[in-house]
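The values are calculated or read from the model by the stated rules, or taken from the named source; none is laboratory data. All values reported here derive from a predicted model rather than from experimental measurement. All Cβ positions, even for glycine, are placed from backbone atoms using ideal geometry, and neighbour counts span all protein chains on display. Note: accessible area is taken over every heavy atom of the protein model, side chains too, but ligands, DNA and RNA are not part of it. Shrake-Rupley method; radii C 1.70, N 1.55, O 1.52, S 1.80 Å.
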Amino acid sequence: MTATIIILAITVAMFIIGKVRSDIVALCALTAMIVLGILTPEEALSGFSSTVVIMMVGLFVVGGAILQTGLAKAASHKIMKLAGDSDVRMFLLVVLVTSAIGAFVSNTGTVALMMPIVVSMAAQSGTQPARLLMPLAFASSMGGMLTLIGTPPNLVIQDALVEAGNEPLAFFSFFPIGAICIIVGIIVMFPLSRKFLFKKQPKGEGKSGRSKTLDDLVSEYNLNNALRRYKITPQSAIGGKTVAELDLRNRYGLSILEIRNESSDRSGLIRNVTQSLAKPETILAIGDIIYLTGDMERMRLFSDENRLEELDNNNMDFYDIGISEIVLMPTAKIIGMPLRKSGFRERYSINVLGIKRDGDYIMNDLPQEKLQSGDVLLVQGKWSNIAQLADDETDWVVLGQPEKQAMQVTLDYKAPVAAIIMLLMVAAMVFDFIPVAPVTAVMAAGLLMVITGCFRSVEAAYKTINWESVVLIAAMMPMSVALEKTGTSTMISHSLVAAFESLGPTALLAGIYFTTSLLTMFISNTATAVLMAPIAMSAASEIGASPYPFLFAVTLGASMCFASPFSTPPNALVMHAGGYTFGDYVKVGLPLQLIIGIVMVFILPLLYPF
């Protein structure tokens, strides 16, 4: 028992100091308990096979798909319209919407659903994500107090009441308590989050040092006016011909930069897009969209002669094919060569769309243009090919990071698919008549997001998982086993309850509440509720009081734990995305946890008399 308490104390101290990564601290504590024989290897590693941890991994993937497909951006747009320019309204909307969802969906699922939306909102409004993500996590827990199914501790106390022969709780018996928690939470969180949750930007990440976005490049090189999109109609003579057969460069002085095909199902909701660069052997098909560059009059002539349909050119979407800039080095072998002999297209399957030289932009007659040292070339190609350019650093330097740029490209045509998968996942988690376990629903949703193309690649899906948070939770979960195995948790709970029992029901209620709250900082809230529910029942019976207020104190103390990043999965889920330290949770979460506790000690006897 002594060794367990010492390890726990050192772990908490290291978390507070924050000099060592939290996942490393948790793994050190776990290793120490194995070495000292407190836990067997099987017990110590049980957290890595926990359904909660597996759900976290799956939910990171689902959340990443919601971001990648632009679904988060669309949802955040709607919330932003309601919020307007008001920081207060935006904060209230995030808390209230999250709480409402949290009443019916697990708090972990709620955070995974809302986190990409909130990150997108923060980006659009210029607010730091840290300002909203911790309130989001806390709101998901508070929303869980609105209904019987909102959080596992609610079901634990329901079972305890029924087993003891008491009247069971109704579905909305928790609603008044949950509503009070949300009101108190808003009042406390808003000023605390404004004061403590603004993060300093790392050096080099200010506006002046940011890399150009794809829209910036399109605007800078005036691509919307330099390119034209045409659709091959059934009446067109070029359907079925190869690019080489058209001989566009010699006949019209034009170039095909990209060939795109878009198709939709009967409903029009699900759309597929395929992109490819125009190779000589590429066969053009009816319905293909070709991107042409060259003289405008010659493009119109080509279009008219071949009965092509000109499409809207107001925007240029990027999916598998993107654009980037490269700077030619003085030592480059291609200096002095005409662009057509540079080998970009042959070696890398890359098109050059424009050249920036001494502040001027050269967009016409590019094949004949001789390359000079210091030229900035705007290149187009598959993201993997652009990334390959970055490997050859002797002749040029790629500006920006193609892999990161590719990750930021929104696959908006897959948004309906992602929405359907997400809704099916939520339905499986909410409705009991669907015979699918929550962890299975999350795993299936994550897998479907990858299979249906909501990510550019499997690697992109893996990159959405925050392994630091996963390892942190998995390594800390066995701590509850150690505390129970050594009798530490039982000793603490019985001692504190015994100390308050003689002081009257209100003091006993406060003792049970804050004991539960304290244990939840180190043990999962469900495990704490299971441990404390029989103690609360026994204490109520001994003093001849109703068990209801005491059991509500247990579920509240277990659910309203905000002072630690690993007390609940939602707290851990937002830790990395918000850039939080352990101290941030103490500054914002601890006052909120204490104030809700004090309020509830006085409110519970009014709602459920002793």
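Couple of notes before you dig in:
- Here T555, T528 are screened, and the one residue that is of a type outside the set (A, V, I, L, M, F, W, C), at pLDDT below 85, open to solvent by less than 10 Å² (accessible area, probe 1.4 Å) and not in a loop (DSSP other than H, G, I, E, B) is T528.
- Candidates in the range 104-121 are the residues that are hydroxyl-bearing (S, T, Y) and assigned to a helix (DSSP H, G or I); of these, the one that is farthest from G58 (Cα to Cα) is S120.
- Those strands (runs of 3 or more DSSP E) lying entirely in the range 333-391 with at least 1 residues open to solvent by 90 Å² or more (accessible area, probe 1.4 Å), modelled with pLDDT under 80 and among the β-branched types (V, I, T): none
- When each of I473, I420, I465 is tested for being assigned to a helix (DSSP H, G or I) and modelled with pLDDT of 80 or more, the lone residue that passes is I420.
- Subset of the range 283-307 [at pLDDT below 85, open to solvent by 10 Å² or more (accessible area, probe 1.4 Å) and within 19 Å of A244 (Cα to Cα)]: T293, G294
- Near pairs, Cβ below 8 angstrom, 6+ apart or cross-chain, from the range 80-105 (among the charged types (D, E, K, R)) to any residue that is outside any loop (DSSP other than H, G, I, E, B): R89/L82; R89/A83
- Positions within the range 575-600 being open to solvent by less than 10 Å² (accessible area, probe 1.4 Å) and either over 25 Å from M14 (Cα atoms) or basic (K, R) (or both), in sequence order: I596, G597, M600
- Of the residues making up the range 501-518, those that are at pLDDT 75 or above, open to solvent by 10 Å² or more (accessible area, probe 1.4 Å) and part of a helix (DSSP H, G or I) are P505, T506, A507, A510, F514, L518.
- Residues that are outside any helix (DSSP H, G or I) and not β-branched (V, I, T), drawn from the range 436-450: A437
- P234 modelled with pLDDT of 80 or more, in a loop (DSSP other than H, G, I, E, B), surrounded by fewer than 18 Cβ atoms within 10 Å (Cβ to Cβ) and under 42 Å from the mean Cα position of the chain (by Cα): no
- Of the criteria (1) open to solvent by less than 30 Å² (accessible area, probe 1.4 Å); (2) touching a helix residue (DSSP H, G or I) at 6+ places or on another chain (Cβ under 6 Å), which one Q68 fails: (2)
- Condition met for F550 (open to solvent by less than 30 Å² (accessible area, probe 1.4 Å), at pLDDT 90 or above, farther than 24 Å from M477 by Cα and not aliphatic (A, V, I, L, M)): yes
- Selection count where residues are surrounded by 15 or more Cβ atoms within 10 Å (Cβ to Cβ) and within 27 Å of E262 (Cα to Cα), scope the range 414-443: 9
- Tally of residues being of a type in the set (S, T, N, Q) and under 14 Å from T568 (Cα atoms) across the range 463-479: 1
- Taking every residue in the range 224-239 that is under 10 Å from L308 (Cα atoms) and charged (D, E, K, R) and pairing it with any residue that is open to solvent by 30 Å² or more (accessible area, probe 1.4 Å) and in a loop (DSSP other than H, G, I, E, B), at least 6 positions away or on another chain, the pairs with Cβ-Cβ distances below 6 Å are R229/L311; K231/L311.
- Test for G37: is it open to solvent by less than 60 Å² (accessible area, probe 1.4 Å) and closer than 23 Å to I465 by Cβ: no
- Residue-level check: of (1) open to solvent by 60 Å² or more (accessible area, probe 1.4 Å); (2) more than 24 Å from the chain's Cα centre (by Cα); (3) in contact (Cβ under 8 Å) with a residue 40 or more places away in the chain, T31 misses just (3).
- The listed residues are I79, I101, and the only one of them that is closer than 21 Å to P569 by Cβ, touching a Leu at 6+ places or on another chain (Cβ under 9 Å) and open to solvent by less than 50 Å² (accessible area, probe 1.4 Å) turns out to be I101.
- Members of the range 531-541 that are free of Cβ contacts under 8 Å to residues at least 40 places away in the same chain and open to solvent by 10 Å² or more (accessible area, probe 1.4 Å): S538, S541
- When F522, F582 are checked against the criterion of being closer than 27 Å to K19 by Cβ, modelled with pLDDT under 80 and under 37 Å from the mean Cα position of the chain (by Cα), a single residue qualifies: F522.
- Any chance A572 is surrounded by fewer than 24 Cβ atoms within 10 Å (Cβ to Cβ), modelled with pLDDT under 90 and not charged (D, E, K, R): no
- Evaluation of S457 against (1) surrounded by 19 or more Cβ atoms within 10 Å (Cβ to Cβ); (2) among the hydroxyl-bearing types (S, T, Y); (3) over 21 Å from S50 (Cα atoms) (one fails), failing number: (1)
- Filter pass, R131 being assigned to a helix (DSSP H, G or I), touching a Gly at 6+ places or on another chain (Cβ under 9 Å) and surrounded by fewer than 23 Cβ atoms within 10 Å (Cβ to Cβ): yes
- Any hit, the range 143-156, residues being within 23 Å of G63 (Cβ to Cβ), part of a helix (DSSP H, G or I) and open to solvent by less than 10 Å² (accessible area, probe 1.4 Å): yes
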